[in-house]
Each structure stands twice: as C-alpha cells, then as structure tokens.
1. Take every Cα-Cα distance within the range 15-112, group them into 10 Å bins from 0 onward, and report for each bin the whole-number percent of pairs it holds.
2. Length gain on complete extension for the stretch ARG31 to VAL185, per 0.36 nm per residue less the alpha carbon to alpha carbon distance?
3. Subtracting the Cα-Cα distance from 0.36 nm times the residue separation, let me have the gained length for ILE44 to ASP19 in nm, one decimal.
4. If you take the square roots of the eigenvalues of the alpha-carbon gyration tensor of the range 46-95 and sort them as a ≥ b ≥ c, do you get rounded (a/c under 1.5), prolate (a/b over b/c) or oblate?
5. Looking at the range 152-210, which GluC sites (Glu not before Pro) are DSSP coil and have at most 15 other C-beta atoms within 10 Å of their C-beta?
6. Quick check on the exposure proxy: order THR65, THR167 from fewest to most C-beta atoms within 10 angstrom.
Amino acid sequence: MQEPPEPPKPTEPRASSDDESRRQDDDLVARTQAGDTGAFDELILKYSPRLYGLVYNMTSNHDDTHDMLQDVWSKAYRSINSFRGKSSFYTWIHSIAVNMTINFLKKRTRRTHQSLDDIESSVHQDKDLIELAATSTPVREANLNELQKRLNDAMQRLSEDHRTVVTMFDIQGLPHAEIAKILGVSEGTVRSRLFYAHRQLQNFLSEFLS
C-alpha cells in the first residue's frame, strides 16, 4: 500500500509578512522619489513609533528624541533619491537613526539633572533586562523603582556602541543579523559588544543587587 504523501510544510507567516512589508516600502520609496510627498508621510507614520523607541532608549530624554527624529526624517528625505534598494528601507532608516544618535551622544555634554519623566524610560519596564540585572537575586516589589533608576543610570554609563546594541537586541528584539546590517559590522562584533555590555550592566548593578 502506497504511503500517503507528506503534508505540506506550514508556511512562515513572519517571512511572508516581512516580504509584503518590504514590497510596500519599495512602492512608497519609488513614489517618494517620483515626487509624491504623501508616500513619504506614510513611511514616517509606519516607522516613527519604532524609531522613537530606539532613539529614546539611547538618549533617555524626550526632547532630544523628538529633535533627533525630525533630523533623521529630514536627512532621509534629502537622501531618498540615493536609496537604491540594496538593503531594505527598514535597515536603511534604522542605520540613519542609529548613526545620527551615536554622533549626537558623543557631542552631548553631560547632563546634571534628568526629569522624573526621563527616568520612566521603557528600558525600565523591559523584563529581559530586569532579569539580567537581577540574576539569581530576588528583586522585591518595594525595590523595583530603585532598580529601574539604577538600570537607567547603568545604561547611560555604557559607551554609545554598547548602549546601541543593548537597545536594539534586549529592548527592541532585533536579531543579531539585522543589527549587524544596521550598524554595518559583522554578527561576531554584535555578539561581542552584547557580551561586554551585559557584563558591564551586571557590574554596575552588582552593589545594589548584592
């Protein structure tokens, strides 16, 4: 008796969704390059929320983030005609945002005060980073606010390169390969930076958690 054929393998909806998103982006880019400013507005609406999270977790300041996003989109619009689709628009716009933010952080003078709003960065709510910070030490509810503040301070003590990879990997959930494309480095470099960044965070927080 002939064995029944193997059932078809399930499709991967994420890959399909990513392909569709890239096709939509390519169409919007082509329309923008042809002079359709409304198409560029659609790209802004699509990617601003994610870019906001990226920049904010690197700067820890709302005003700086708003200013940076305006600069990022202004540069993207000025450079859109040079975009040839060798990478996805997603990677391209993230590369612009990361590079501009790193340059900004290098030039920014050290702030003497941060508002309470800045302390409420989404990095504080990230479970992966809180678990990383806590390691094997239980974190009581009463100490969570202090831990969050210490975590924010620890993030700001990282170098720009290390803070960038932690933001993209631990907070935004980007895979190593995508981070490597955005930063223009190898996946090995991304892993190395993450390793040292995580170790620095643990060292910065060890006194509080001991």
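Please treat every number below as a calculation from the coordinates, not as lab data. Given the structure is predicted, the values throughout are model-derived calculations rather than measurements. Every residue, glycine among them, receives a Cβ derived from its backbone with ideal geometry; neighbour counts consider all protein chains shown.
1. 15, 47, 28, 9, 1
2. Residue separation times 0.36 nm, minus the Cα-Cα distance, leaves 52.4 nm.
3. 7.1 nm
4. Because a/c hits 1.5 or more and a/b exceeds b/c, the range 46-95 counts as prolate.
5. Hits after loop and neighbour filter: nothing returned.
6. Going from least to most buried by this count: THR65, THR167.
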